[in-house]
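Below is one structure, written out as structure tokens; comments come after it.
The values are calculated or read from the model by the stated rules, or taken from the named source; none is laboratory data. Note that the structure is a prediction, hence the values are computed from the model and not measured. Neighbour counts run over all protein chains shown; Cβ positions are idealised from the backbone, glycine included. Accessible surface areas use protein heavy atoms only, side chains included; no ligands, DNA or RNA. Shrake-Rupley method; radii C 1.70, N 1.55, O 1.52, S 1.80 Å.
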Amino acid sequence: TMQEYDIIVLGTGLKECILSSILSMHGKRVLHIDKNPYFGGEIASITPLEQLYKRFKCPNPPSPSMGRGKDWNVDLIPKFFLVNGPMIQLLVHTDVMRYLDFKVIEGSYVYRAGRVHTVPATEEDALHSDLLGMFDKRRFRKLLHFILNFEVGDHRTHQDINPKETTTRDLFKHFDLGPEVMEFAVHAMALQHSEDSLDQPCTESIKRIRVYLESMARVKSSPYLYPVNGLGELPQGFARLSAEHGGTYMVNRLVDEIVIEDGKVAGVKSQGDLFRCQQLICGASYVPHSVKRVGRVIRVICILNHPIKHTQEASSCHIIIPQAQLHRKSDVSISMVSCTHNVASEGMYIATVITTIETSNPEREVQPALELLQPILQKFVSIKNLVVPSEDGAKSQIFVTRSYDATTDFETEFEDIKDMYHRITGTEFCFAEARIYG
């Protein structure tokens, strides 16, 4: 049999599901196929716990102390949402929020000299923070005030700083703040994971610190949200939205061949059926020859039966270890969640350490982060290539998502979605485009 669609999407990763739902909302006929029996692709949440042990080929089953296997939903690639970040705006605009239940993450921390400290993002925290010297406290408050009032187009808010010329490094000098303050502000608040940003114009760092501060002001304990039952809920929420707008889904279905005619995609063969299309969107695993490797990421999922030291017993938290603290080029981060978000059984915690690999011994690179989590009941190590499409899809009309990097917020994912949307449709992505019609 043969059927015709405008767009075929292969893989139910988050980005694939978001694009498919927005294109369905625009009246495109979309067919979505996944070779896996579950949703989410690389960004799936694995349940029950026994399934995770199987996936990582652990010789022993989970210990009885870990409770019921079905109480667990373990993210393969954990990420948190900034309350005021673009992904939450997208969820609100598309109304996918109605399928999800978010809870706040209880703390945001930064590592310095062997231990973790609360990121001082409120006046109250700044006052009590041991990351700021006595004189720094006042100067830092002034900087935060400047950032919250800063508008690129309004010179009165620039306080004799030329934002186009002033680098982030100069901005901190201007407020008389040293490298220690700059370190936690850039890495743990702007969430910029390397030193490159310091010598760029300061507007990007300002914008990002502001999102952090405004997010923090809305929910108090941290600027982050995380969905109850894990990240696997997201692709499913967008898939439901796509289906409401006529999108068709087939999971657990093999893709035999991507059909190309005259250098352009013409369809997909799957289990004896031919589905024709004008455009194809897919994850890298469906077109391994059309991507190039740009790096590697290590993620170590750790099961704990205790909160992390110096986090005020938080049942969920985010920790950034700035690269310079470990003599590295890129930061190491830790995301921790627990039964509060329905992803682990009572009294259990899941902490995942993530970084971009820089040496031939990745596990040694994350050792200092693992030290913070001891004792660890069980760990699962995943090392993945970071891949990007080798061409933009203009000729073949095949559009490939980038793999998930080592960042722990959704900023780079959102950029990829915007960029792909532009290449697929020829129009710039804006939130109004993602509004529910009718």
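Picking from residues in the stretch 206-225 that are among the basic types (Lys, Arg) and under 18 Å from Gly107 (Cβ atoms), the one that is least open to solvent (accessible area, probe 1.4 Å) is Lys220.
Given the condition more than 26 Å from Leu274 (Cβ to Cβ), out of contact with any Gly (no Cβ under 6 Å at 6 or more places or on another chain) and at pLDDT below 95, answer yes or no: does some residue in the stretch 23-42 qualify? Yes, the stretch 23-42 contains a residue that is more than 26 Å from Leu274 (Cβ to Cβ), out of contact with any Gly (no Cβ under 6 Å at 6 or more places or on another chain) and at pLDDT below 95. When every residue of the stretch 153-171 is checked against the conditions, at least one turns out to be surrounded by 13 or more Cβ atoms within 10 Å (Cβ to Cβ), more than 22 Å from Asp125 (Cα to Cα) and among the charged types (D, E, K, R). Among the residues making up the stretch 1-50, those that are farther than 22 Å from Ile301 by Cα and of a type in the set (D, E, K, R) are Glu4, Asp6, Lys15, Glu16, Lys28, Arg29, Asp34, Lys35. Sub-7 Å Cβ pairs linking a first residue in the stretch 92-107 that is buried (at least 17 other Cβ atoms within 10 Å of the Cβ) to a second residue that is among the charged types (D, E, K, R), at least 6 apart or interchain, are His93/Arg435, ordered by first then second residue. Residues that are in contact with a Cys (Cβ under 7 Å, 6 or more places away or on another chain), closer than 26 Å to Val294 by Cα and either assigned to a loop (DSSP other than H, G, I, E, B) or of a type outside the set (Ser, Thr, Tyr) (or both) occur in the stretch 400-409; there is at least one.
Name the residue that is nearest to Phe140 (Cα to Cα), counting only residues in the stretch 183-197 that are part of a helix (DSSP H, G or I) and at pLDDT 95 or above. Restricting to residues being part of a helix (DSSP H, G or I) and at pLDDT 95 or above, the top hit is Ala185. Checking each residue in the stretch 392-426 for being over 22 Å from Phe80 (Cβ atoms) and either modelled with pLDDT under 95 or open to solvent by less than 20 Å² (accessible area, probe 1.4 Å) (or both) picks out Gly393, Ser396, Phe399, Val400, Met420, Tyr421, Ile424. Summed over the stretch 372-391, the residues that are open to solvent by 10 Å² or more (accessible area, probe 1.4 Å), over 18 Å from the mean Cα position of the chain (by Cα) and touching a residue at least 12 places away in the same chain (Cβ under 8 Å) give a count of 10.
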